[in-house]
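Student: Before we start, here is the structure in question, set down as structure tokens.
Since every read-out is calculated from the coordinates, none of them should be taken as a lab result. Not measured: the values here are computed from a predicted model. In this analysis, Cβ positions are derived from the backbone assuming ideal geometry, glycine residues included, and neighbour counts consider all displayed protein chains.
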Amino acid sequence: MDLRRLEVFAKVAELGSFSRAAEALFLTQPTISEHVRALEEELGLSLLDRMGRGATPTPAGQLLLGYARRILTLSREAKQAIEQFQGRMSGQLTVGGSTIPGEYVLPRLIGQFKVKFPDISISLLVGSSRQINDWVEEGRVEIGVAGARPASRVLQARELMPDELVIVVPADHPWATTKSVMLASMKTQPLIVRERGSGSREAVERALAEVGGDLAAFRVVGEMGSTQAVKQAVRAGVGIALISKRAVEDECRARVLHCVKVTDLKISRSFYLVTHRDRTRSPLAQAFFDFLESQAPALAS
């Protein structure tokens with residue numbers, strides 16, 4: 001089987017769209033369609049169900065997708081190993097980050113890593129902690145940084161950095177002149193929370209459970225799918241929120257938001273460096289993994 005055809009097929013299956021795959025691979029949509037058609041003819045099977053503008057793998061396509069990912073990963077590893085043997089480091093790496101590390105920590109670290117290895121290309125996928133762990137298990141990303149320890153036994157996680165959640169209020173809120181409040185005071189306020197499956201949501205629920213409480217006792221007025229959406233909702237006066245201190249440092253310095261601690265509730269968690277237990281990391285992935293571990297002391301401060 002032709003590697004390029006496998007790459008095109010895998011990209012269509014992952015993105016669920018011929019047009020989106022064409023954009024991602026910098027090809028025309030007819031070229032994408034021709035690659036998939038040729039692969040289907042070679043195998044004598046339909047690999048994708050075309051439904052309107054979307055595409056989903058058939059049972060045969062789902063079977064092939066797993067092998068395609070492994071074959072493409074091995075191909076990248078081989079190229080990177082040869083580059084490394086010749087004293088160079090190049091190639092492409094896909095990593096994943098849950099909202100806080102993906103939006104506020106990893107971009108800076110990727111920039112520092114690229115200074116050391118300017119010939120590499122790194123793609124960063126951002127999702128919920130649950131998605132990041134799933135993507136590592138599926139092989140969609142080689143390395144993930146998530147706010148929840150994975151439950152799967154095939155994944156291994158190392159603590160990378162701590163995080164603390166604080167109450168965030170608008171600049172004109174009555175609490176904007178105070179440094180701390182009691183937990184009971186929060187129950188009188190409209191509260192915005194992250195969606196189920198996010199590391200932030202799980203950290204809040206876990207901390208409340210430790211003091212015999214739960215979110216049902218609060219006035220939850222909205223669930224948001226991203227930290228940025230939560231911040232915008234707070235700024236708009238929709239409610240207050242419990243959010244990572246790392247995510248609001250700039251806004252609090254600019255005084256457009258205000259951070260308040262809860263004196264009788266400490267909400268802390270860790271971000272984990274997640275990899276697959278049984279997959280050999282590519283040379284580039286191993287180099288990035290080692291780099292992230294070397295940055296752990298600085299990230300903890």
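Student: Against the definition (under 15 Å from the mean Cα position of the chain (by Cα) and either assigned to a helix (DSSP H, G or I) or not aromatic (Phe, Trp, Tyr) (or both)), how does Leu160 come out, yes or no?
Tutor: yes
Student: Have a look at Thr56, Thr28 and point out the one that is closer than 23 Å to Val136 by Cα, surrounded by fewer than 18 Cβ atoms within 10 Å (Cβ to Cβ) and of a type in the set (Ser, Thr, Tyr).
Tutor: Matching residue, one of Thr56, Thr28: Thr56.
Student: Listed residues Val136, Val105; which is closer than 23 Å to Ser270 by Cα and touching an Asp or Glu at 6+ places or on another chain (Cβ under 8 Å)?
Tutor: After applying the criteria, what remains is Val136.
Student: So which pairs qualify, if the first residue must be in region 169-180 and under 14 Å from Leu257 (Cβ atoms), the second must be in a loop (DSSP other than H, G, I, E, B), the Cβ gap must be under 7 Å, and the two must be at least 6 apart or on different chains?
Tutor: Pro170/Gly237; Ala171/Arg255; Ala171/Val256
Student: Now, a different point. So which helices (runs of 4 or more DSSP H) stay within region 183-287 end to end and still have 3 or more residues that are within 18 Å of the chain's Cα centre (by Cα), touching a residue at least 24 places away in the same chain (Cβ under 8 Å) and at negative phi?
Tutor: Those helices (runs of 4 or more DSSP H) span 199-210, 227-235.
Student: Go through region 227-259 residue by residue and tally those that are surrounded by 20 or more Cβ atoms within 10 Å (Cβ to Cβ) and among the aliphatic types (A, V, I, L, M).
Tutor: Within region 227-259, residues that are surrounded by 20 or more Cβ atoms within 10 Å (Cβ to Cβ) and among the aliphatic types (A, V, I, L, M) number 9.
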